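Only one structure is covered here, and it is reproduced in the block below.
We did not get these values from a lab; they are worked out from the coordinates using the rules stated. What you see is a predicted model, and the numbers here were worked out from it, not measured in a lab. Reconstructed Cβ throughout: ideal geometry from the backbone, glycine too, with neighbour counts over all protein chains shown.
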Amino acid sequence: MKQESSASGVLAAASAFVCWGLLPLYWKAISGVPALEIICHRVVWSLACTGLLLAFAGGFASIRQALRTPRTLLLLACSSSLIGINWFLYVWSVNAGHVLEASLGYYLNPLVNVVLGMAVFGDRLGRTQGVAVALAAAGVAVQLAAQGRLPWIALALAVTFGLYGMVRKLMSLESLPGLFVETLVLAVPAGGWLGWLAFTGEGSLGRAGLGTDVLLTGAGVVTTLPLLAFAFGARRITMTTLGVLQYLGPTGMLFLGVMVYGEPFGPDRLATFGLIWAGVALYTVDGLRKLRWFKPGKAG
């Protein structure tokens, strides 16, 4: 049966992407901490946040039931690996001065979502949507040609996050329990590494100042809330709708990279930006006409 997008799914996914678009500000504030250590803190404190929320909501029973299913175990192992890789690449690229290439990766991601949506979920593109996607693809092609090299950061971010979204969409486990198990899987190596850093006296927590301590521990909150919103939304909207909303994140990153961090923005990047947003505008207007919440008496 063909899936339709709900109002709650659209709102949740859009909120997640806006938050992700602003996250470079957060990671840049602790750029003196190695990316691997940041990710380990991100995992550990995210586990603490999701654990507290589950304890409050009484959701551990659903986890026990889901873990008895081999299919769910496999999907959770895949989603944990994918999001861990994506997190590391994202934080490393931002703090290494590649905010614009990271932005390009998340511009590419909706195209990956469209391919996955057609291949796995049977989504179909109408003529207007096809033109919109072609415009976005042309914008990406301009940037790829101008770089003169394989943009491996962008490609890796796009593929890992696209696959993560697909795997989460396939799960029967709700967003909060699923995120708890994902961070639990990643917390084993992450906690071990942080323990080793503390033992050798090389860890940043407690040594780099109160501000850094607050930001490292707060990484759990800024990670958990957008991911919960994304996981909630991804299971309630089509992959093509998800592709439209995804452009909110890289646009915020693009703005920060150019206006805040002074990364170069030449004619090629300007052409990319214009083509992509022309496609997004066309795609969004067409998509709004088809959403249930846009029609009177059919709120999601």
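Treating each Cα of the range 25-82 as one equal point scatterer and applying the Debye formula with no solvent, the log10 of I(q)/I(0) at q = 0.16, 0.28, 0.29 Å⁻¹ comes out as -0.71, -1.11, -1.13.
With θ taken as phi - 60° and the Karplus curve 6.51 cos²θ - 1.76 cosθ + 1.60 applied, the whole-hertz 3J(HN,Hα) list for the range 212-221 is 5, 4, 5, 5, 5, 6, x, 4, x, 5 Hz, x standing for glycine and proline. Note on the chain: with a GNM built from Cα contacts shorter than 10 Å, the maximum mean-square fluctuation among 277, 196, 45 falls on 196.
Say a site is exposed when it is one of the trypsin sites (Lys or Arg not before Pro), sits in a DSSP loop, and has at most 12 other Cβ atoms within 10 Å; what is then the longest site-free stretch of the chain? Could you put the intermediate results ahead of the total?
Details: sites that count: 2, 68, 124, 149, 207, 289, 298.
So the longest stretch without any such site is 208-288.
Relative intensity of the chain on a log10 scale, I(q)/I(0) at q = 0.09, 0.14, 0.16 Å⁻¹, equals -0.45, -1.07, -1.34, per a Debye sum over C-alpha point scatterers of equal strength in the absence of solvent.
For a protection proxy built on the mean count of beta-carbon atoms within 10 angstrom, sort 227-233, 258-264, 100-106, 189-195 highest first, please. Don't skip to the end; give the middle numbers.
Numbers: 227-233: 23.9, 258-264: 12.7, 100-106: 26.0, 189-195: 15.6.
Ranking the peptides 227-233, 258-264, 100-106, 189-195 by packing returns 100-106, 227-233, 189-195, 258-264.
Give me 49, 78, 40 ranked fewest to most by other Cβ atoms within 10 Å of their Cβ, as a rough exposure proxy.
Working: 49 21, 78 18, 40 26.
With the sparsest Cβ surroundings first, the list reads 78, 49, 40.
For the range 1-152, just say rounded, prolate or oblate: build the C-alpha gyration tensor, square-root its eigenvalues into a ≥ b ≥ c, call rounded for a/c under 1.5, and beyond that prolate if a/b exceeds b/c, oblate if not.
Values: a/c = 2.00, a/b = 1.14, b/c = 1.75.
Verdict is oblate for the range 1-152.
Relative to the current alpha-carbon distance between residue 55 and residue 278, full extension at 0.36 nm per residue lengthens the span by 75.8 nm. Length gained on full extension, residue 125 to residue 22: 34.1 nm, using 0.36 nm per residue less the C-alpha separation. Shown for 276, 153: other C-beta atoms within 10 Å of each C-beta, ranked fewest to most, produce the order 153, 276.
How do 37, 202, 182 line up, fewest other C-beta atoms within 10 Å first?
Numbers: 37 20, 202 11, 182 28.
With the sparsest Cβ surroundings first, the list reads 202, 37, 182.
Across the range 71-80, coupling constants 3J(HN,Hα) worked out from phi with the 6.51/-1.76/1.60 Karplus curve, θ = phi - 60°, read 4, 5, 4, 5, 5, 5, 5, 5, 5, 4 Hz, and Gly and Pro carry x.
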